[in-house]
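First up is the structure itself, then whatever we jot down about it.
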Amino acid sequence: MSQLAIDTSHVATLHYVLADERGRTLDDSRARQQPLEYLHGHGNLFPALESALAARRSGERLSVTLAPDETYGERDEALVGVSSRSAFPQDQQLKAGQRFQAQGPDGPRTVTVVATDDARVTVDANHPLAGETLTYDIEILAVREATRAELAKGHPLPPGTSHTAVEDRKR
């Protein structure tokens, strides 16, 4: 029996190390002991990353470098703004690096506090990895046929989930 190649009807399980352009590790699925499982071709990963994984097989290793326009986009300085400290609850502790949800013109978005003093708070609504070139070092652990339920949902389902169990939850 031949090994399956990653295709749009397949679920792939992989370990990866994500690094920035300085070589600093940003995420390591093996260190977290949590491999990534995704349904190929259903928008679960960046399109350029999915393209690099297409037709690969279990046991293969690859390194994929993605430019900002293939991931979180370029930084947009217009998304950095200053608000009055009085716009935040008086008792709320604010410090640089803190993230929270804010309502923007296009709906909620996560913002990061850049700086704060008694009068002002500077926040950045860019994704923390915007403007970064990212490299994924990947080991493909397994490739399997997706279930009908997974294809219908557009993502892998937890082990042991049956099509019937999914239908029962809809009721």
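The values are calculated or read from the model by the stated rules, or taken from the named source; none is laboratory data. Bear in mind the structure is a predicted one, so any value in this text is a computation, not a measurement. All Cβ positions, even for glycine, are placed from backbone atoms using ideal geometry, and neighbour counts span all protein chains on display.
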Can you name the strands (runs of 3 or more DSSP E) wholly within the range 101-153 that have at least 2 residues being closer than 30 Å to Y16 by Cα and among the hydrophobic types (A, V, I, L, M, F, W, C)? 107-116, 134-145
Given (1) part of a loop (DSSP other than H, G, I, E, B); (2) under 14 Å from the mean Cα position of the chain (by Cα); (3) within 27 Å of K153 (Cβ to Cβ); (4) at pLDDT 95 or above, identify the lone condition not met by A55. (2)
Looking at D91 and the list (1) part of a loop (DSSP other than H, G, I, E, B); (2) crowded, with 16+ Cβ neighbours inside 10 Å; (3) of a type outside the set (V, I, T), which single condition is not satisfied? (2)
Are any residues in the range 11-29 surrounded by fewer than 18 Cβ atoms within 10 Å (Cβ to Cβ) and more than 16 Å from the chain's Cα centre (by Cα), and if so, which ones? E21, R22, G23, R24
Tell me, please, whether a residue that is of a type outside the set (D, E, K, R), crowded, with 17+ Cβ neighbours inside 10 Å and over 22 Å from R144 (Cα atoms) can be found in the range 39-62. no
Conditions first: (1) over 24 Å from T110 (Cβ atoms); (2) assigned by TED's automatic domain parsing to the domain that holds E145. L18 passes all but one, so which condition is the exception? (1)
In this structure, does L26 turn out to be assigned to a strand (DSSP E or B), in contact (Cβ under 8 Å) with a residue 60 or more places away in the chain and not basic (K, R)? yes
Report yes if some residue within the range 24-38 is modelled with pLDDT under 95 and under 16 Å from Y72 (Cβ atoms); otherwise report no. no
Condition broken by P68, with the remaining ones in (1) surrounded by 14 or more Cβ atoms within 10 Å (Cβ to Cβ); (2) in contact (Cβ under 8 Å) with a residue 60 or more places away in the chain; (3) touching a strand residue (DSSP E or B) at 6+ places or on another chain (Cβ under 8 Å) satisfied: (3)
Of everything in the range 65-88, what is out of contact with any helix residue (DSSP H, G or I) (no Cβ under 6 Å at 6 or more places or on another chain), among the charged types (D, E, K, R) and in a loop (DSSP other than H, G, I, E, B)? Give them in sequence order. R75, D76
